[in-house]
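Asker: Structure incoming, see below.
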Amino acid sequence: MDDWEMWDRREETRLSPRERLALLEIEARLRRDRGFARRMGEEPRGQRGGARRGRTHRRLWLPVGVLLLGVASVFSAVMGIRTEDPGLLWCFAVLWPLTLFQAFRLLCRVARRRSRGGVNSWL
C-alpha cells in the first residue's frame with residue numbers, strides 16, 4: 001500500500017463531535033505555544049514578515065553583550081588593581097559572574113547549532 005492509498009483511507013475516517021472538539025482544543029493550545037512553534041520552525045501568527053529581522057537582532061545581542069561585559073570586566077579588574085579602589089574591585093566582582101554566565105549561554109547556542117548539523121556562525 002503506497003502513501004496515496006493511506007491518504008485516501010484517512011479521509012474516510014470520521015470523528016465524533018466530542019473528538020473533533022478535543023482535537024480543536026489541542027490545536028488551539030499548540031498554536032498559542034510559542035516555544036512549540038519555534039521548535040517546529042513556524043513563525044507565530046503576529047510576527048510574519050518582520051520575524052526574520054527580529055530573530056537576527058536577538059542573535060546579535062548575545063555576542064555583543066558578552067563582548068561588552070568582557071571589556072567592562074577586564075577594564076574594571078585592571079583599573080581596580082592599579083588604583084586599589086574597592087569600588088572598582090566590587091564592580092569587577094559583580095560583572096565577572098555575569099560575563100561568565102552570558103559566555104556560557106553563547107557557547108551553548110553555538111554547540112546546539114553545531115549538533116543540528118547546519119552551518120554555524122558565532123552570530
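The values are calculated or read from the model by the stated rules, or taken from the named source; none is laboratory data. Predicted model, so just to flag it, every value in this text is computed and none were measured. Ideal geometry is used to build each Cβ from the backbone, glycine not excepted, and the neighbour counts take in all protein chains shown. Just the protein is used for accessible areas: all its heavy atoms, side chains included, with ligands, DNA and RNA removed. Shrake-Rupley method; radii C 1.70, N 1.55, O 1.52, S 1.80 Å.
Asker: Suppose we keep only residues that are under 15 Å from the mean Cα position of the chain (by Cα) and open to solvent by 100 Å² or more (accessible area, probe 1.4 Å) within the range 108-122. Which one would you say is modelled with the lowest pLDDT?
Answerer: For the range 108-122, the residue satisfying everything is 122.
Asker: Within the range 34-78, how many residues are of a type outside the set (Val, Ile, Thr), at pLDDT 85 or above and open to solvent by 70 Å² or more (accessible area, probe 1.4 Å)?
Answerer: 4
Asker: Moving on. Of 92, 101, which residue is touching a Gly at 6+ places or on another chain (Cβ under 9 Å), surrounded by 11 or more Cβ atoms within 10 Å (Cβ to Cβ) and modelled with pLDDT of 90 or more?
Answerer: Going through 92, 101 in turn, the sole match is 92.
Asker: Can you run down the residue pairs with Cβ atoms below 8 Å, 6 or more apart or on separate chains, where the first is in the range 27-39 and more than 23 Å from residue 112 (Cβ to Cβ) and touching a residue at least 12 places away in the same chain (Cβ under 8 Å) and the partner is open to solvent by 70 Å² or more (accessible area, probe 1.4 Å) and of a type in the set (D, E, K, R)?
Answerer: As it stands, the answer is 31/45, since those pairs meet every condition given.
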